[in-house]
Ligand code: HEM
């Protein structure tokens, strides 16, 4: 592995990606954030506390017509700005971001984790190893079903053809959009074959999700008196007076698409780190035997995995006023990206080698590792990932259950990352699960 973190990150993006990826905006590197104490925190806080995110030129422009997916596909929360974004985001803030609220979903998260353990055991018995590329996708879909549609989608059952089809569709959308991003952007001027393919894939995907949302919403009840704290997510949404059915669908769809593409790869990266570090794996098991409630070491392993295997490539904002960053004058209205992945491999912050898996670094609160901007896999400020608490809870409960039940070994080529719009697993995603 390349010892230079900057080169490492660039290395995983093919040559052309750099130009496109960095096109039309400023890039904040770790230099801005860390090395100039006078300017670092102010502009970063300044940028991150503003709500505006640049609208990707690729996403949000396809879909054959606005009626597909009831026209909600184009309205993903990620792609919105200004008062419309603020209205929707504030309506879910309470239910999504407070750890206490997300606890409401803990029993469902535990049920999905239990189903995952049974599914893994059955796949292990049938095939002698488990292809987590498939299984992690099914797990994430099942979890989304429980949280967002308030029902089991049967994704972890023996016959998961429907789930596999939807996951494959999503994967093809991500692969094609990466290819289109890295190629000449002719599709911006006329509909190329790639563009038409993208429209077709997205229409297919969103039609399926739209059906799921309609099924769920038709069954949910609008209550006379609302006891918000006990409601599941979709019920909570349809009982919010300020949201109409279309708003609810925009939110559900945003949560569904963003969650499906992120938690599954994160489960694989975590399993890879745990499997290839048997001492840490043993320590997780000991921790589980002692007290399975707080799990500080497992949490540190998950945090370290987010650091080493970041799934996003950057966090973006549009500057709201003129700023000077690292000596460069950045006018208001400039799209600014921060490459958080370079930051999370910084040799000052992670002094005892940023390239090694060392969960312990998160347990010692006195080190530079705890710089407020050292760990940004979920972004920062009011536009921080809306599903962060869900993702963390799902990963913690499922990894805890898997580690308690199995000794986990990785089989084949090491897992690395490839740019497919997100940084997704490359290498072998096969694992062996032996009962302990
Ligand atoms: C598992 C790992 C995940 C990672 C690393 C991740 C990362 C991110 C990042 C970096 C952003 C942009 C934040 C910013 O600009 O400051 C974001 C936004 C978002 N994420 Fe996630 N995410 C994850 C899982 C999820 C899940 C499970 C859901 C839904 C259940 C979700 C829903 C969203 C939504 C709706 C937004 C847009 C928020 C807005 O614009 O207001 N994410 N995520």
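Summary of values
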| read-out | value |
| --- | --- |
| Residue-span extension gain [residue 90 to residue 111] - 0.36 nm each, minus C-alpha spacing | 4.7 nm |
| Global form of the stretch 120-245, assessed from the alpha-carbon gyration tensor, a/c cut-off 1.5 | oblate |
| Net length gained if the chain between residue 413 and residue 218 were fully extended (0.36 nm per residue, minus Cα distance) | 65.6 nm |
| Inter-label distance, nm, simple model (7 Å from Cα along the C-beta direction), residue 131/residue 152 | 2.4 nm |
| For the stretch 257-309 and the stretch 363-436, distance of Cα centres in Å | 6 Å |
| Virtual spin-label span in nm between residue 207 and residue 332, 7 Å along Cα→Cβ | 4.6 nm |
| Mean Cβ neighbour count within 10 Å, used as a protection proxy, ranking 391-397, 345-351 highest first | 391-397, 345-351 |
| Protection proxy ranking of 310-322, 142-154 - average other beta-carbon atoms within 10 Å, highest first | 142-154, 310-322 |
| Highest to lowest packing among 162-175, 93-106, 266-279, scored as the average C-beta count within 10 Å | 266-279, 162-175, 93-106 |
| Under 20 Å from the residue 435 label point (7 Å along Cα→beta-carbon), backbone N, the stretch 145-180 | 158 |
| Cα gyration tensor shape of the stretch 240-393, rounded if a/c is under 1.5, else prolate or oblate by comparing a/b with b/c | oblate |
| Residue 404-residue 367 pseudo-label distance in nm [points 7 Å out on the Cα-to-Cβ vector] | 2.9 nm |
| Binned Cα-Cα distance frequencies in the stretch 285-335 - 5 Å width, integer % | 5, 15, 13, 11, 9, 10, 10, 8, 7, 7, 5, 0 |
| Modelled FRET efficiency - R0 30 Å, residue 175 with residue 276, Cβ distances, 0.05 increments | 0.70 |
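Values in this text are rule-based calculations from the coordinates and carry no lab data. All values reported here derive from a predicted model rather than from experimental measurement. Virtual Cβ from ideal backbone geometry, glycine too; neighbours counted across all protein chains shown.
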